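Heads up: the structure comes next, in structure tokens.
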Amino acid sequence: MLGRINHIAIAVPILEEAVEIYRDMLGATVSEPQSLPEHGVTVVFVELPNTKIELLEPLGDSSPLASFLERNPAGGIHHICHETTDINAAAERLRSAGARLLGDGRPKIGAHGKPVLFLHPKDFNGTLIELEEV
Ligand code: CO
């Protein structure tokens with residue numbers, strides 16, 4: 001069920017400043033910003049040889065990042081995304097094991113145009129886990 005790490009996400013207060021850090025200071029390749037209103041975020045991807053870093057900035061008034069950035073004003077690691085081959089089978093298995101799925105528990109289309117699902121951090125050692133079907 002749990003495949004390779006697709007990306008590690010970092011919540012940032014100001015996306016342009018975070019892009020400058022990764023692109024100019026660290027010399028990485030950074031994608032163009034992409035707004036995802038249904039997720040309440042604007043996102044860029046930092047391309048690395050073995051994985052990606054997703055930089056997330058809040059978008060809109062009801063962004064799920066707002067309370068996270070209140071607790072972590074400088075930003076911080078927000079979630080880890082694992083690839084999975086069958087997201088509906090994964091959701092079913094997790095639900096029957098008693099794990100909580102965020103939102104309505106159904107996969108949504110994520111930043112890569114593929115179905116994603118978020119798992120409740122209280123059921124996973126305080127870590128927000130995203131599953132992405134590949
Ligand atoms: Co993500």
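Coordinate-derived values only; no laboratory data. Fair warning: this is a prediction, and the values are worked out from it, not measured in the lab. No Cβ is skipped: glycine too gets one built from the backbone with ideal geometry, and neighbour counts run over all protein chains shown.
At a glance:
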{"item": "Counted residues, segment 96-133 - those being of a type in the set (A, V, I, L, M), closer than 19 Å to residue 6 by Cβ and exposed (fewer than 14 other Cβ atoms within 10 Å of the Cβ)", "result": "1"}
{"item": "Among the residues listed as 93, 71, the single one being among the basic types (Lys, Arg), more than 14 Å from the ligand (Cβ to nearest atom) and in contact (Cβ under 8 Å) with a residue 60 or more places away in the chain", "result": "93"}
{"item": "Whichever residue in segment 74-90 is more than 16 Å from the chain's Cα centre (by Cα) and surrounded by 11 or more Cβ atoms within 10 Å (Cβ to Cβ) and, among such residues, is nearest to the ligand (Cβ to nearest atom)", "result": "90"}
{"item": "Selection from segment 34-58 of residues that are of a type outside the set (S, T, N, Q), out of contact with any Pro (no Cβ under 6 Å at 6 or more places or on another chain), assigned to a loop (DSSP other than H, G, I, E, B) and touching a residue at least 24 places away in the same chain (Cβ under 8 Å)", "result": "38, 39"}
{"item": "Enumeration of residues in segment 101-129 that are of a type outside the set (A, V, I, L, M, F, W, C) and in contact with a Leu (Cβ under 7 Å, 6 or more places away or on another chain)", "result": "107, 120, 121"}
{"item": "Residues that are in contact (Cβ under 8 Å) with a residue 24 or more places away in the chain and either closer than 23 Å to residue 63 by Cα or in contact with a Cys (Cβ under 9 Å, 6 or more places away or on another chain) (or both), drawn from segment 15-29", "result": "15, 18, 19"}
{"item": "Residue match in segment 22-34 (condition: in contact with a strand residue (DSSP E or B) (Cβ under 9 Å, 6 or more places away or on another chain), among the aliphatic types (A, V, I, L, M), more than 13 Å from the ligand (Cβ to nearest atom) and under 15 Å from residue 2 (Cα atoms))", "result": "no"}
{"item": "Single residue of 49, 64 found to be over 17 Å from residue 7 (Cα atoms) and surrounded by fewer than 20 Cβ atoms within 10 Å (Cβ to Cβ)", "result": "64"}
